[in-house]
Amino acid sequence: MSLLPTTRRGADAPVSMRLGPQPGEVIDRRRTIPFTWNGEDHRAFPGDTIASALAAAGVRVFSRSYKYHRPRGLLTADYLDPGAFFQVGDEPNVRGAHRLVEPGMEVSSQNTWPSLKYDVKAVNQLAGRFLATGFYYKTFIKPEPLWPLYEKVLRRFVHAGAITPDPGEAFYDHRHAHPDVLVAGGGPAGMAAALAAARAGASVMLVEENHQLGGHLRWGDAADLAALGELRAQVAAETGIEVLTDSVVTGRYDDNWVGIAQRNLPGVAERLIKARAGTLVVAPGLIERPYVFAGNDLPGVMLSTAVRRLVNLYAVRPGQRAVVMSANPEGDLAVADLERAGVEVAAVLDARERRGVVRAHGRGGLRAVETNEGRRIEADLLVTATGWTAPTSLLNQSGDRPVYEPTAARFRPDPARMPDNVLAAGEIVGDATVEAIVEHADAVGREAARRAGRGGPAVTIPSLAPRPHPELFTAGTGGFVDLCEDVSAKDITTAVAEGYDSVELVKRYTTVTMGPTQGKLETVNAVALVAAATGKSIAETGTTTWRPVYAPVTLGALAGRPHEPVRHSPMQPWHDRHGATPLVAGQWIRPEHYGDPAAEVRAVRTGVGIIDVTPIGKLDLRGPDVPKLLNLLYVNKWSKLGLGRVRYGVMCAEDGVVMDDGVTGRLGEDHYLMSTTSSGAATVWEWVENWLQTAHPDWQVHVTPVTTAYASINIAGPRSRELLGRLTDVDLSADAFGYMNVRQGSVAGVDDCVLWRIGFTGELSYEIHVPASYGLHVWEQLMARGADLGVTPFGVEAQRILRLEKGHFIVAQDTDGLTQGYTAGIDGLIKLDKDDFVGLPELRWQRERDEHAHLVGVRPLDGSIVPPEASQILDSSGGIAGRITSSRMSPTLGRSIGLAQIDRELAAVGTRVTVRLPDGRDITVEITDAVHVDPEGERQRV
Amino acid sequence: MSSNNGHGGHSRYSAWSLVRHGLTPKSGWPRAWREHDLESSYDAVIIGGGVHGLATAYYLARDHGMRKVAVLDKAYIGSGGSGRNTAILRSNYLTPEGVRFYDRSVKLYEHLAADLNYNVMFSQRGHLTLAHNDSSLRTMHWRTEVNKLQGVDSSVIGPDEIKKLVPYLDTSADTRYPILGALYHPPGGIVRHDAVVWGYARGADAHGVHIHQQTEVTGIDVSHGRVTGVQTNRGPISTPVVLNATAGWATLISDMAGVSMPVQTFPLQAAVTEPVRPFLDTVVVSGTLHVYVSQTDRGELVFGASVDPFASYSMRGSLEFTEGIAGHVLELMPALHRMKLLRQWAGLCDMTPDYSPIMGPTPVEGFYVDVGWGTYGFKAGPVSGEAMAATLASGKPPEIISAFGLDRFTDGRLVGEKGAAAVGH
Amino acid sequence: MMLLPCPWCGPRNATEFRYVGEAGPRPDPASTTPEEWRRYLFMHANPCGPVKETWYHRAGCRRYLAVERDTATNEVRSAVDSATGVAR
């Protein structure tokens, strides 16, 4: 039972299971490397996986199972092994039968308490009959308030490794590749296909999940090893092949975009390769399928391939006394391997002769095997070789729907459904001798190169049929279908009986195939059980969808190195040196303020301030049809914009919703400079191009984005003329350079500057656009030459206050995704008498309907209260009548002011309304004109 | 609740019944829902066996006494968005209409397990929407204020409180996207999505509804401006009432009835990681980074993002989705870099111009729609079922969905949910 | 990752482009009705199959392209310059 040791004391003393040298072993016996397992010191040979090193040391129990905390040993002895998930240092869920031991590794079993041997949660085994499938759905329903407590307990039972908040740095990377032919799988077929493609002139990438090329040849006999040696030598000699071992194709996406997780790169934890493959060759071989019977999860029950890997690759004796159930030649070879390894083979049950195992007995480990002929055989190792599963994921992702062939007891690709740029090679297609597999793959490789555009005649690919294999899925005695998820055969039949009778519903109800192996070991058995329970065939039942990723990939590798672009103006170093608080505004980093935004406001109102407005979007427009374009995109009129004049405009979308605003100046006969909001710069550029290219390709307008070609500085305040005048050759006198005019000239010795006289802040101000590389110079000159004037740099926050005092709205702050033109209060700007402009009909109907909300000024009666932005305005019945969109304390007026969107009925100036503050208090605010300071606009016109 | 009445042929689920079944292993559970022959006529036919269709059938049979109801699904129940979403529930919407509607849904979810006698595992672990810049923080305040006025528990909290709720979040100020604050919504959480589907199916079945899987609608019969039946791969059905509840496939069905709808189908992708021990209690959403994250009771992290950048019916998923989501998750929680993505998938979303659903009658009499759910459909399952059942039974949509009619697009009265909806999970 | 055969730049990753969608004919603003205009705004074909739509090659030639694509498979059948009709 659960609290007993998992192996007998006394017999528990570690016995070395390491064999003498094996012909194909991958370990290096010349030295050993230390690591720890659950705190105990161990040693491994280089080349050992964690699991092989532990198995060599006599460890039989590696983990506790998901739901019932049953002891588990090795099943497959490869990447998929559900019994060998370990915590390695701060890395959870390490595939212990794949990961190589590294010096000093701290390996522990996951989710066992207090220890692997004495796991208290194994009481779940006792309760097992009550924890059957659907358990959670049927219980903890009432009383309702207790469910959160139950849930907390459930979460304690989560079966997994742990992460830590501070795991340290690791380096990840991305790479792009464009191989003509990408071969997924480095067994004999993959190697042969890669060679043929490369010899046909293709650039080839050969990707193998294991640490060495060779597939099953690696654990084969002398002939296999000789063939492997020959293929490896040829691959190594072929310069057109790039070999990636310990790497795996994770998914095939549209147009042969292929993801590869590369794990063998020194210094890189994992690298994601994104390959645009000409042709993808899928050559993954076959995965051995477990057999389902009572006790099939006991430590000591293994697949034939696991035994062959342990013996031949790692020189590990997998047990002392074995029973082998074999339905195929590979199983028979495992018998030979066992005998060579000195394992006593107590019985071979030939499944082709309908002999087989029905139950495995033992507690904490296999003790005896019960056969279908009623024999009970003492053994600590039971080997099954009952069939194969074709890992068709990449083919499914390519559009293929593999077809079940009962005579071969496995699914096979359906070439008719595969796109031209995907081919399958090797055992996934059919079975044959190594020579015939190589011959088939050679043809596939040549055809792959041809389809990738490397020329040559069409290749006839020889047929490769699967050999007959008995259909062996379950002994019908129960047992586990999914060792990752602890899903039993009975769970499957129960689910079907309860009405969850399609394979997808069974998957979701029982969680079969949803664990870390993602169904590679489990799906076909589950399908067979569903088919049996529903009375349908396996072909009719079908499989669940094989989704990416084929093998788990770290988030680090997927993310790669972070490349989040940041934009800043040429003056940012100055801002940084002068204590600017940074503000993240989209991609831009800008100064929010330099310490005291209110002081910055006062400086602008009384003296002069300068602000870096480089992020403002700027489009250089040239051509005779620019006025047509402006007339179309802006709601106001543009045909009569004189040379040297600047005009403000608002753009609406076709639904009448305000999308952008800015000024445009006419620099020459056919030359204009348009400005946009900072956040709208990219959108407006694409918008302009859209109208020009798709609606009016005949218009002659050339658009050049110049946002970052210019550094932009606004010089604002009553003394701005005086300051700028010291630096420019442009005549700034009121007569020569009036409000809403544009001039070009030099500033601080820099030629080709554009000067706009505009007034976002409400003060006399000049916005200058200087060639970007001189931006810092001009800024520093302004600061130096204006020192006696008290020139003050100001940031975005002061600008927000200044514009709010002046009643200018900000698109997307004071407007939202449904704010149409008349709501924004630009009634005077909208010219419905124009023949056309974007959004015209909607604005016409908005005005006709006259039901819209209004953007208004607001002032709290108590001017010391600044209602937070987004505070809601209530109507007399407590409903929402609007909201405060902008709100600040005005340094100029010494009181709080704001803008608000409010229902039409309450929008009249002088109306008093209730505002609910976030803290729950209600205050009264009065509706005012939007312009709080200098409503006549005299200050900006001086 | 009257669910007890309906379970005549059913075995009630409880801890005790579970023990009883455990002790007597031969006594199997009955089918959760039964199979039926396709009848030649039904009082109402609901197309789409997702949570919306099944919930509508359940309430229609339970509350409106309409028993001859068929739910048709071209595959298996829950095979569409209901089984592919990230199972996040919340009601912290932006518009009063949206908040009221989803609040009703959350309240129905809170008692759904008891109502359906099926544990849907609603875990109200709290929901955080992070703000990384001024404008999103302003939107969080806006949503909070609207929520509070509708009686919904929301507040804006600062980085220190956020750090307490989610210690793995990097709340330092020097990141590329610093966390300035968050909209905290304690009633939000996650639910077991399949269980909601199955619970409604079982409940509907108990009230006499026929659930027909593998039954694909191939045509809708309309005569003199009213619906008379549907054609299926298993034969015709005559019926005076048809509901289109097919989400991503909605326009294909409505087109059969000659009803145009402002709906575009976009894939929405999601992914899970391998499980790790629980470390994340709340749902974390970042609109700026286009990501939402939660940890299931199994220990997996579930990731979602905004819909794919172009319309498609392909559910194959993309590598760039996983790259983007991983990058953004690590931006928020750098310590997760060793976690491994295990599986990705996609569902289809029926996007509307104003990110709000289309519910109610259409110009074809008897043909109703419950579509346009975009990325929010699962959250609205119970309330939509309740409201659509009332609509189908009376022919008139109830007040709670009156803002969501199809005619709003010709009247130009869109619902303003788009502002908060860039990534709204 | 879908490839779009840009007539100017050759086959490029879909992430270089911005999807614009179906662009129906724009009604005459002077004479249009709300019904007609809002059909133009909101009602777009949403077939599961071939569709004609607009894409913008924002990270390439910055041209708007008229693209034929199958929404069931994402297979792109053609892409021509919207303004000039130039095909590859």
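Here are the numbers for the structure shown:
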read-out: Kirkwood-based shape ratio for segment A:25-163, expressed as Rg/Rh from alpha carbons; value: 1.08
read-out: Estimated dipole of segment A:128-253 in Debye, rounded to 20 [Cβ of Lys and Arg +1, of Asp and Glu -1, Cα centre]; value: 880 debye
read-out: Highest-fluctuation residue, B:Leu18, B:Leu89, B:Leu116 considered, GNM on chain B with Cα pairs under 10 Å; value: B:Leu18
read-out: Order of A:Leu917, B:Leu289 - criterion: other Cβ atoms within 10 Å of each residue's Cβ, fewest first; value: A:Leu917, B:Leu289
read-out: P(r) tail fraction, segment A:291-385 - alpha-carbon pairs more than 22 Å apart, %; value: 16 percent
read-out: Candidates B:Asp281, B:Asp174, B:Asp103, ranked by Gaussian network fluctuation over chain B, Cα under 10 Å, top entry; value: B:Asp174
read-out: Reach of A:Lys831 by Cα under 18 Å, taken over aspartates and glutamates that are not fewer than 8 positions away in the same chain; value: A:Glu654, A:Asp655, A:Asp660, A:Asp661, A:Glu842, A:Glu848, A:Asp850, C:Asp28
read-out: Bridge type composition, segment A:25-163 - antiparallel percent by DSSP, nearest 5; value: 85 percent
read-out: Highest-fluctuation residue, B:Ala57, B:Ala131, B:Ala114 considered, GNM on chain B with Cα pairs under 10 Å; value: B:Ala114
read-out: Residue among A:Leu633, A:Ser679, A:Ala177 farthest towards the positive dipole end of chain A, charges placed on Cβ; value: A:Ala177
read-out: Per-residue mean of C-beta atoms belonging to partner chains within 10 Å, peptide A:685-696; value: 4
read-out: Order of C:Cys9, A:Cys652 - criterion: other Cβ atoms within 10 Å of each residue's Cβ, fewest first; value: C:Cys9, A:Cys652
read-out: Relative contact order for segment A:25-163, counting Cα pairs under 8 Å that sit 6 or more residues apart, in percent; value: 25 percent
read-out: Per-residue HN-Hα couplings for segment A:452-458 [Karplus 6.51, -1.76, 1.60; θ = phi - 60°; Hz; x = Gly/Pro]; value: 7, x, 8, x, x, x, 4
read-out: Chain A, relative contact order [Cα under 8 Å, separation at least 6], %; value: 9 percent
read-out: Those chymotrypsin sites (Phe, Trp or Tyr not before Pro) in segment A:159-229 that DSSP places in a loop and that have at most 15 other beta carbons within 10 Å; value: A:Phe171
read-out: Full-stretch length increase - A:Glu669, A:Ser537 - with 0.36 nm per residue and alpha-carbon distance subtracted; value: 39.6 nm
read-out: Largest-first principal axis extents of the Cα set of the protein assembly as shown (Å); value: 111, 75, 62
read-out: About the Cα centre, charge dipole magnitude for segment A:25-163 (Lys/Arg +1, Asp/Glu -1 at Cβ), debye; value: 660 debye
read-out: HN-Hα J in Hz across segment A:915-932 - Karplus 6.51, -1.76, 1.60, θ = phi - 60°, x for Gly and Pro; value: 10, 8, 7, x, 7, x, 6, 9, 10, 9, 10, 10, 6, 10, 4, 5, 8, 9
read-out: Fewest-first sequence of A:Trp113, B:Trp373, A:Trp699 by Cβ atoms within 10 Å of each Cβ; value: A:Trp113, A:Trp699, B:Trp373
read-out: Spin-label pair A:Thr164/B:Lys164, simplified geometry with 7 Å Cα→Cβ offset, distance in nm; value: 2.7 nm
read-out: Expected 222 nm ellipticity per residue - DSSP helices of 4 or more, -39500 (n - 2.57), all of the protein assembly as shown, to 500; value: -6500 deg cm²/dmol
read-out: Spatial separation of Cα centroids for segment B:333-407 and segment A:847-864, in angstrom; value: 34 Å
read-out: Chain A: DSSP helices with Cα axial extent of at least 18 Å and average Kyte-Doolittle hydropathy no lower than 0.0; value: A:222-237, A:434-449
read-out: Dipole moment magnitude, nearest 20 debye, the protein assembly as shown about Cα centre, only Lys, Arg, Asp, Glu C-beta charged; value: 2860 debye
read-out: FRET efficiency, C:Glu36 to A:Glu905 (Cβ-Cβ, R0 25 Å, nearest 0.05); value: 0.20
read-out: Between segment A:668-713 and segment A:184-202, the alpha-carbon center distance in angstrom; value: 52 Å
read-out: Charge dipole of the protein assembly as shown about the Cα centre (unit charges at C-beta), most positive-ward option of A:Gly920, B:Ala195, A:Ala283; value: B:Ala195
read-out: Segment A:326-356 versus segment B:243-281: alpha-carbon centroid distance in Å; value: 51 Å
read-out: Average beta carbon contacts from partner chains per residue of A:815-824, 10 Å cutoff; value: 3
read-out: Entries of A:Lys274/A:Lys536; A:Lys138/B:Lys68; A:Lys490/B:Lys107; B:Lys68/B:Lys148; A:Lys274/B:Lys163; A:Lys117/A:Lys520 with Cα pairs more than 32 Å apart; value: A:Lys274/A:Lys536; A:Lys490/B:Lys107; B:Lys68/B:Lys148; A:Lys274/B:Lys163
read-out: Antiparallel content of DSSP bridges confined to the protein assembly as shown, in %, to 5; value: 75 percent
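Throughout, read-outs are computed from the coordinates displayed, never taken from laboratory work. Worth saying up front: this structure is predicted, and the values here are computed from it rather than measured. Cβ coordinates were reconstructed from backbone atoms using ideal geometry, including for glycine residues, and neighbour counts include every protein chain displayed.
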